[in-house]
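J.: Pasting a structure below so you can have a look.
The values are calculated or read from the model by the stated rules, or taken from the named source; none is laboratory data. None of these values were measured; they are calculated from a predicted model. As a convention, Cβ positions derive from the backbone with ideal geometry for all residues, glycine included, and neighbour counts pool all protein chains shown. Calculation scope for accessible area: heavy atoms of the full protein, side chains included, ligands and nucleic acids excluded. Shrake-Rupley method; radii C 1.70, N 1.55, O 1.52, S 1.80 Å.
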Amino acid sequence: MRPTAVKTPPKEVIKDASMLKQKEMMARHYDRLANAHENGEKVASTFVPGNLNELVMCFDLVNNLPEVNAIQSGLRRQSGAYIMEAERSGHSEDVCTYVKSDIGMMAKGNIGPNGKKLPNPDVLLLSYTGCFTFMKWFELLREQYKCPTIFLQTPYMADGKVTPNMIQYMVKQLKEDVIPKLEEVSGVKFDIDRLREYLRKSAKAEDDLVAVLQSAKNKPSPIDAYFGGIYYIGPIFGAFRGTDDAIDYYRFLREEVEERMRKGLGPVTPDGTMKEEKYRLVVEGPPNYTNFRQFWKMFYDEGATVVASSYTKVGGTYDFGFRHDPDRPLETLAEYCLGVYTNRSLPMRIDMLVNYINEYEADGLLINSIKSCNSFSAGQLLIMREVEKRTGKPAAFIESDLVDPRYFSAANIKNRLESYFQMVEQKRSGKGAAA
Amino acid sequence: MTHQTTQEIVARAQDLYEDLHFTAARKWKEAGEGRKVIGYMPVYIPRELIHAAGMLPLGIMGGGDNLEVIHGDAYYQSYICRIPRSTIELGISGRLDFVDGMIFPSICDVIRNLSGMWKMLFPDVYAKYFDVPQTYEDEVGGTFYEGEMKEFLHDLEQIGGRKVTDDDLRNSIEVYNENRRLVRELYALRAEVPWQAPASEAYLIIRAGLVLPVEEHSQMLRDYIAAARAEKRPIKDNAKVVVTGMFCEQPPLNLIKSLELSGCYVVDDDFMLVSRWLIGDVPLEGDPIHNLAQAFLHHSESTAAKYEPDLKEKGQFLVRSVRRTGAEGVIFAAPSFCDPALLDRPMLQNVLKQAGIPFIAFKYAENSGQMQPIREQAGTFVDSIKLWSAA
Ligand code: SF4
Ligand code: SF4
């Protein structure tokens, strides 16, 4: 099917200074990645949740994130063709589209977002945290690249707590398996003080990130914590956590956001500063990337700001107090992996969303259910009802996909959102209690 | 020695299979003061622990095609498999109201999230997500797994109000060793003379093991094996195939029958892996928890829900199964939207291609009604296998 969007001359997208800085960082990273092998650097592919960037850096490895590549393909509208390519080669239409986008991209020459070929990984660091698909994804990549694959299992936080057995298991894996294998692949000896130094830097940036995320408690919120939030988490969820670059970026971002707050300004959108904040929402679930701008516009056109989201916690939940701790380097990595959003039990996820609605004084919850992501999606209908029950605030459910354009129906989503906003209005005026 | 016919034994197993009120398990519970029943989902849990605590492990494989799902659909989007919604249906409709605990093994994100949903929906019932190691070194995955089992055992002691001794555990291991031996004997018999023990019958007999006390089930297996050996049944010109991908959500019984009707002898499968997950006997001497952990790490079946650390080993279990049973092809049958089965499939198919083993693939749901397309596809596959082997 052809996209329904009418062709209009591209409009200048408004970007704030932090976005430009991030753009420059990302471009630099992709260039480093593309030229890694020419420059004698080795590449480790790994995942965003359970991302051990500090450890990866200890071995001078360049961090490559197939999930982020899939997002980039989605934003650039290439993922649709990649997914079809993967399906043609035998992958099921039912499974995670990140995987298929990645595999399709590989089949079509593995061209990265900067137009240059991405290098084959020298090692797959399979950090198995919060999503079953990770395991199969890297088994699939291993079949192609035939490179060493290092496995790190994060037990699931099913009972809402971290037990000593879980920590010991993870630390043992790190000590006895992950670190020795990374030494072998990289030829670099592990230096725990180097790790500590990176962890110290991580914590610094994490402080500033939390300040940025929590600025949304302000009215109006100076940020959008979902659409904008996705940009804010970019460096820290990716290859920059533990670097000076990340420290600079988050300090800079924080200053920028605090400045907006002082001026009483709303979030920056691609069409400029949002005018009036009419609705404050909490969003659960990943966004759609193939129509990201269009999706976002449906919110800001209506004056809806997302004040908190769960998706921006997939690479770490810092706002509930966790910080990387240089004094307990391996344990802290374990705790980090254990705490990522998708590794939390359903009751924990519900608590978190309820807490956001209350703390951020939101009007309600919106769930974007992703067709191909069981980790997020299985159970969301119960989450919705439970959050509604516990907060007394209305919730709504929309469906799309991360990077598969076939599952983005703009008209349906727009309708849903419009009736949702009406519901919020009714609730406010005390009429629609049963809505 | 009983003298039941296969028909009689299968009829009893079929009754158990169709009984979505789990009357047999209810009766077992009522027959003794303080008896407890612990439900579990696919693929594997160490049932020995539950047995040793004096409780009945009850396998819940969803609702199948006989259950009308009324409430369950309100909990799941259309793009999620069927088994969690029909299991919720079983719970909400009161069919599991006698169950004292539910165990959700670590198989995929759907079952994992269901464990949390169960806690919310049935707050008064013990619900546990049972994590297993995906790393297989003794000191690492082994230690973790022993810890998880001890935690589980501790919970069972709380529920049952009594300590479980090592001897209790050894006794249970022995009882399950015996059951696994018989299950394997049945599989071997079916591979050898599939017309004597058809897959649809073997399925029901194994399935009965999920709801019966293990001792009773072992007797059923003995009876069936003896009866199947003794009877003379007609040999058909069928092709031997291995079926894979059915380890969690179950196909309707009709699907297995349809495969047989279309000319397949199903000589190996991955149905109800819990009944033969551990390969060979678990030793009785020494620390029983350690022994169970060792068996899990080093002598257990392969499936998509498990990480395969060795690239060279990936999918070889399927090739070995084909060689062992003399099968001529493989049928990939996976539940719709089943991540583990469907993500694994291309890798397994590549392994089969390299080994020159033909295969076909289709999807099903536990409530699939239309068997015609599957029958046609399987029939064509059988024809092509025969042509191929005649050429
Ligand atoms: S979390 Fe969801 S989107 Fe990410 S890899 Fe897993 S299934 Fe795919
Ligand atoms: S059928 Fe597949 S996806 Fe569904 S619960 Fe079972 S293993 Fe998970």
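J.: If you take the beta carbon distance between A:ASN110 and A:ARG251 as r and set R0 to 30 Å, what does 1/(1 + (r/R0)^6) give as a FRET efficiency, to the nearest 0.05?
T.: 0.30
J.: If you don't mind, there's one more thing I want to ask. Under the 0.36 nm per residue contour assumption, what length would be gained going from the current alpha-carbon distance of A:SER419 and A:MET84 to full extension?
T.: Working: separation 335, 0.36 × 335 = 120.60 nm, distance 3.37 nm.
Value of the extension gain: 117.2 nm.
J.: With only alpha-carbon atoms in the gyration tensor, what are the semi-axes of the equivalent ellipsoid for chain A, in Å, largest first? It would help to have the intermediate numbers written out before the result.
T.: Numbers: eigenvalues 225, 123, 96 Å².
One finds semi-axes of 34, 25, 22 Å for chain A.
J.: Is the shape of the stretch A:209-319 best called rounded, prolate or oblate, per the rule: a/c under 1.5 gives rounded, else a/b larger than b/c gives prolate, else oblate, with a ≥ b ≥ c the square roots of the Cα gyration tensor eigenvalues?
T.: oblate
J.: Something else: Could you tell me which of B:ALA197, B:ALA304, B:GLY209 has its Cα farthest along the dipole of the stretch B:183-328 towards the positive end, charges placed at Cβ (Lys, Arg +1; Asp, Glu -1), taken about the Cα centre?
T.: After comparing all options, I get B:ALA197.
J.: Another question, if that's okay. How crowded by other chains is A:139-148, given as the mean number of beta carbons from other chains within 10 Å of each beta carbon?
T.: The mean count of partner-chain Cβ atoms within 10 Å per residue comes to 3.
J.: Quick check on the stretch A:318-435: take the gyration tensor over C-alpha atoms, sort the square-rooted eigenvalues as a ≥ b ≥ c, and tell me if it's rounded (a/c under 1.5), prolate or oblate. Working shown, then result.
T.: Values: a/c = 2.73, a/b = 1.54, b/c = 1.77.
Taking the square roots of the gyration eigenvalues as a ≥ b ≥ c, the stretch A:318-435 is oblate.
J.: Starting from the exponent 0.38 and prefactor 2.2 Å, build the expected Rg for the protein assembly as shown from its residue count and divide its actual Cα Rg by it.
T.: Numbers: Rg = 27.4 Å, N = 826, 2.2 N^0.38 = 28.2 Å.
Working it through for the protein assembly as shown, the quotient is 0.97.
J.: Beyond 23 Å, what percent of the Cα pairs of the stretch A:29-167 remain?
T.: Counting every Cα pair in the stretch A:29-167, those more than 23 Å apart make up 35 percent.
J.: Can I ask one more? Just tell me how shielded B:336-349 is by partners: mean number of partner chain Cβ atoms within 10 Å of each residue's Cβ, no decimals.
T.: If you average over the peptide's residues, the count of other-chain Cβ atoms is 6.
J.: Here is a follow-up. To the nearest 10 square angstrom, how much accessible area does B:LYS240 have with a 1.4 angstrom probe?
T.: Using a 1.4 Å probe on the heavy atoms, I get roughly 50 Å².
J.: Here is a further query. Of all the accessible heavy-atom surface of the stretch A:283-431, with the other protein chains kept in place and a 1.4 Å probe, what percent is carbon and sulfur? Write out the running numbers ahead of the final one.
T.: Values: 2050 of 4560 Å².
Within the stretch A:283-431, the accessible surface is 45 percent carbon and sulfur.
J.: Which one, B:LEU284, B:ALA333, B:PRO373, is farthest towards the positive end of the dipole of the stretch B:260-391 when Lys and Arg carry +1 and Asp and Glu -1 on their Cβ?
T.: Of the options given, the answer is B:PRO373.
J.: Under 15 Å Cα to Cα from A:LYS278, which aspartates and glutamates show up? Leave out anything in the same chain fewer than 8 places away.
T.: By straight Cα distance, A:LYS278 reaches A:ASP224, A:ASP301, A:GLU302, A:GLU361, A:ASP363, A:GLU418, A:GLU425.
J.: Accessible area per residue of chain A at 1.4 Å probe, in Å²?
T.: Ligands and nucleic acids excluded, the result is 37 Å² per residue.
J.: Here's a follow-up. Restricting everything to alpha-carbon atoms, can you work out Rg to Rh for chain B with a Kirkwood hydrodynamic radius?
T.: That ratio is 0.95, to two decimals.
J.: Let me ask something additional. As a test of the definition: with a 1.4 Å probe, what buried accessible area, both sides summed, do you compute for B against A, in Å² to the nearest 100?
T.: Answer for the B-A pair: about 4800 Å² buried.
J.: What pairs in A:LYS23/A:LYS116; A:LYS136/A:LYS175; A:LYS116/B:LYS314; A:LYS136/B:LYS128; B:LYS236/B:LYS386; A:LYS371/B:LYS257 have C-alpha atoms more than 21 Å from each other?
T.: A:LYS136/A:LYS175; A:LYS116/B:LYS314; A:LYS136/B:LYS128; A:LYS371/B:LYS257
J.: Let me confirm one metric for peptide A:383-391, namely the mean number of other chain beta-carbon atoms within 10 Å of its residues' beta-carbons. Walk me through the numbers on the way to the answer.
T.: On the way: counts 4, 0, 3, 3, 0, 0, 0, 0, 0.
Taking the mean over all residues of the peptide, I get 1.
J.: I need the shape label for the stretch B:17-133. Rule: rounded when a/c is under 1.5, else prolate if a/b > b/c, else oblate, with a, b, c from the alpha carbon gyration tensor.
T.: oblate
J.: Further, regarding this structure: Picking from A:MET352, A:LEU382, A:GLY430, whose Cα lies most toward the positive end of the charge dipole for the stretch A:334-435 (charges on Cβ: Lys, Arg +1; Asp, Glu -1)?
T.: Looking along the dipole axis, the top candidate is A:GLY430.
J.: Rounded to two decimals, what ratio of Rg to Rh does the stretch A:33-72 give with C-alpha atoms and a Kirkwood Rh? Kindly include the intermediate steps, with their values, before the conclusion.
T.: Values: Rg = 10.4 Å, Rh = 10.6 Å.
Taking Rg over the Kirkwood Rh, I get 0.98.
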